[in-house]
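Here's the structure, in structure tokens; my notes come after.
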Amino acid sequence: MIQAFAAAFRTPDLRRKLLFTMAIMVIYRLGTFVPAPFVSIRNVRACMDQSGSGDFLSMINLFSGGAMMQLSVFSLGIMPYITASIIVQLMRVVIPRFEELHKEGQSGTAKLTEYTRYLTIGLAVLQSSVVVSVANTQLFQGCTVDPFPNATPLTYALTILTMTAGTGLIMWLAELVTENGVGQGMSILIFTGIAASFPTMFYQVTQSDGGWGAAALVFALILAIVVVVVFVEQSQRRIPVQYAKRVVGRRTYGGSTTYLPIRINMANVIPVIFASSILMLPQMLSTFGDPTSGWVQWINRYLHTSAPLYFVFFGVLIFAFAFFYTSITFNTEEVADNMKRYGGFIPGIRAGRPTAEYLKYVSSRMTWVGATYLTVIAMIPVIVFSQMGIMGGGFGGTSIIILVGVGLQTVKDINSQLQQRHYDGFLR
């Protein structure tokens, strides 16, 4: 990894892209410290000292790099953009028009991107409204001062508008990184937010009852998870694919042998985000109910993040969403049709429907392993830290999978661009 970055900085084009990406990351981090209008920084800091965040906002606060707890203009982080992107992908199954746009190529992709942007703004308005309305009840539980002193409906509206505009700016920064930088912009910004939160969380662990011993245990567990994540994320099943020779005029095409890689974890971290988002909904709804009512007390008792029933639902949802999302992103019939169109076939398997059935069989077996891996990695750290009394927060498996996955993918992108610019090894 270090050699790849060193070689990239010696290449002028890649050096400009890396510096541009780093500049966007710095701008993103600076924006997390700019307070939203009509927010009292003194009161916010007092509330942070007095209380902790609510369970259903902890994931958003993690992805925003702690910006939500500071009520900054970037409080929502990249989460609305992530949610909108996932929803648009899921709509391909429900709405045939979305599937048609996906197959139209660049023009259809541009239209889907436009829909994603509109949906991002709508979700940002909804989420910023929730953050402002539950600042005292959930974001800062038990706080004796008001983060919005002398607030009026107009000041609340302007705060919501500012946070929504901040989300739009983050979305634009992510797209700039994708077009002019290195790596996928949305992933890079998520990586930045999570990585920025780690030093603070390590310090909080050292200040807990366990002290440096607990910090050492946390570091050892994180290191073990990183090793497992690197091993699994790099693992794949390579299905051989052979292309028949075609004669067009005086030229011969095809006749080559390649392979179709099927990863163990094709769904990446999306099932964990899905499961967390769904389990956040009851907790969010309970904040608007009467604290003395039965359903609110039931949710607070059985669906908080350290309750056994929460872990059961969490594991089942991760497992189910892993199969569901893999079936959407890896369309075996589409892959089989593309192979048949270009004269490709799997040795021993007939082209067309038999190929699609074979790919579905292989991918389903791989998904069983991937779903189990995701469930274990997501749940084990949370269970261990909760039993130790450590507020792990960002030390969960979700954040580690994201950090390692984004790091590996970024290094792969840098290496691929280096190979495009250095042909000496191919010419010798």
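The values are calculated or read from the model by the stated rules, or taken from the named source; none is laboratory data. This one's a predicted model, so the numbers in the text were calculated from it and none came from an experiment. All Cβ positions, even for glycine, are placed from backbone atoms using ideal geometry, and neighbour counts span all protein chains on display. Side chains included, ligands, DNA and RNA excluded: accessible areas come from the protein's heavy atoms. Shrake-Rupley method; radii C 1.70, N 1.55, O 1.52, S 1.80 Å.
Brief remarks on what is shown
- Selection of the range 1-21 for residues being modelled with pLDDT under 85, closer than 14 Å to E179 by Cα and open to solvent by less than 20 Å² (accessible area, probe 1.4 Å) yields only L14.
- Of all residues in the range 81-103 being free of Cβ contacts under 8 Å to residues at least 60 places away in the same chain and surrounded by 13 or more Cβ atoms within 10 Å (Cβ to Cβ), the one that is farthest from A174 (Cα to Cα): E99
- Selection from the range 22-43 of residues that are in a helix (DSSP H, G or I), open to solvent by 20 Å² or more (accessible area, probe 1.4 Å) and in contact (Cβ under 8 Å) with a residue 60 or more places away in the chain: M25, I27, R29, N43
- Count - residues of the range 126-154 that are buried (at least 17 other Cβ atoms within 10 Å of the Cβ) and at pLDDT 75 or above: 7
- Breaking point among (1) part of a helix (DSSP H, G or I); (2) within 26 Å of Q127 (Cα to Cα), for S327: (2)
- Those helices (runs of 4 or more DSSP H) of the range 344-428 in which 2 or more residues are modelled with pLDDT of 70 or more occupy 353-388, 397-421.
- On inspection, L112 fails the criterion of being open to solvent by less than 30 Å² (accessible area, probe 1.4 Å), assigned to a helix (DSSP H, G or I) and farther than 26 Å from L189 by Cα.
- Within the range 157-175, tally of residues that are crowded, with 16+ Cβ neighbours inside 10 Å and either more than 19 Å from L119 (Cα to Cα) or in contact with a strand residue (DSSP E or B) (Cβ under 7 Å, 6 or more places away or on another chain) (or both): 1
- For Y203: the one exception among (1) over 25 Å from T116 (Cβ atoms); (2) open to solvent by less than 60 Å² (accessible area, probe 1.4 Å): (2)
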